[in-house]
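The values are calculated or read from the model by the stated rules, or taken from the named source; none is laboratory data. Everything numeric in this text was worked out from a predicted model, so none of it was measured. So basically every Cβ, Gly included, is an ideal-geometry build from the backbone, and we count neighbours across all protein chains shown.
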Amino acid sequence: MTSLRFVSKLLIFGLTLWAVGTSIAVLFDVTIYFPFRIAEDIDIPYHRWQSARIAIFLTFAYYGVVHLINGSKEVYPVHFLKVFLFAVSLSGFIIVRKSGAPAMEYAVVLFFLGTATILHLATRARFKRYFTKK
């Protein structure tokens with residue numbers, strides 16, 4: 001296994017643990033937002049909500065367009081993660097910039113962009129088949 005694939009699996013594992021832990025915390029009336037901020041007396045920042053909301057719409061739009069162009073086609077779960085993380089990065093950057101949020105919010109955007117890039121590089125096809133019949 002290449003080091004890039006190992007890093008991608010490590011990132012997916014960490015984000016999976018975070019997602020499960022955050023989901024379980026809600027059952028105990030604890031709201032956690034990325035990375036490990038507990039929203040006790042404060043609400044989750046509006047720009048974070050908007051970034052997630054727009055990312056969901058962009059991901060839906062992406063797969064909708066792909067379906068309309070190519071018809072039904074199986075995709076791997078990591079492809080969905082990659083598309084969603086790119087959408088979160090894009091929408092997050094625009095919304096953080098537009099809302100004038102603290103500069104530290106760009107670190108979250110860069111983390112998701114870096115994770116999406118690593119997933120993209122680790123899961124791309126290694127060899128193109130130039131001489132096969134289609």
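A few comments on the model shown:
- None of Val20, Val78 is surrounded by 14 or more Cβ atoms within 10 Å (Cβ to Cβ), part of a helix (DSSP H, G or I) and not hydroxyl-bearing (Ser, Thr, Tyr) except Val78.
Yes/no matrix, rows are residues, columns are (1) in contact with a helix residue (DSSP H, G or I) (Cβ under 8 Å, 6 or more places away or on another chain); (2) among the hydrophobic types (A, V, I, L, M, F, W, C); (3) surrounded by 15 or more Cβ atoms within 10 Å (Cβ to Cβ):
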| site | (1), (2), (3) |
| --- | --- |
| Thr2 | yes, no, no |
| Arg5 | yes, no, no |
| Ala25 | no, yes, no |
| Val30 | no, yes, no |
| Pro35 | yes, no, no |
| Asp43 | no, no, no |
| His47 | yes, no, yes |
| Ala55 | yes, yes, yes |
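Quick grid of which residues meet (1) in contact with a Lys or Arg (Cβ under 7 Å, 6 or more places away or on another chain); (2) surrounded by fewer than 20 Cβ atoms within 10 Å (Cβ to Cβ); (3) charged (D, E, K, R):
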| position | (1), (2), (3) |
| --- | --- |
| Phe60 | no, yes, no |
| Leu68 | no, yes, no |
| Val96 | no, no, no |
| Ser99 | no, yes, no |
| Tyr106 | no, yes, no |
| Ala116 | yes, no, no |
| His120 | yes, yes, no |
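- Any hit, the stretch 36-54, residues being modelled with pLDDT of 90 or more and aromatic (Phe, Trp, Tyr): no
- Scanning the stretch 81-108 for residues that are over 15 Å from Leu11 (Cα atoms) and either of a type in the set (D, E, K, R) or assigned to a loop (DSSP other than H, G, I, E, B) (or both) returns Arg97, Lys98, Gly100, Ala101, Pro102, Ala103, Met104, Glu105.
- Restricting Ala52, Ala61 to those that are of a type in the set (A, V, I, L, M) and farther than 23 Å from Thr16 by Cα reduces the list to Ala61.
- Here Ser23 passes the criteria (1) of a type in the set (Gly, Ala, Ser); (2) closer than 20 Å to Gly114 by Cα; (3) modelled with pLDDT under 90 except the one numbered (2).
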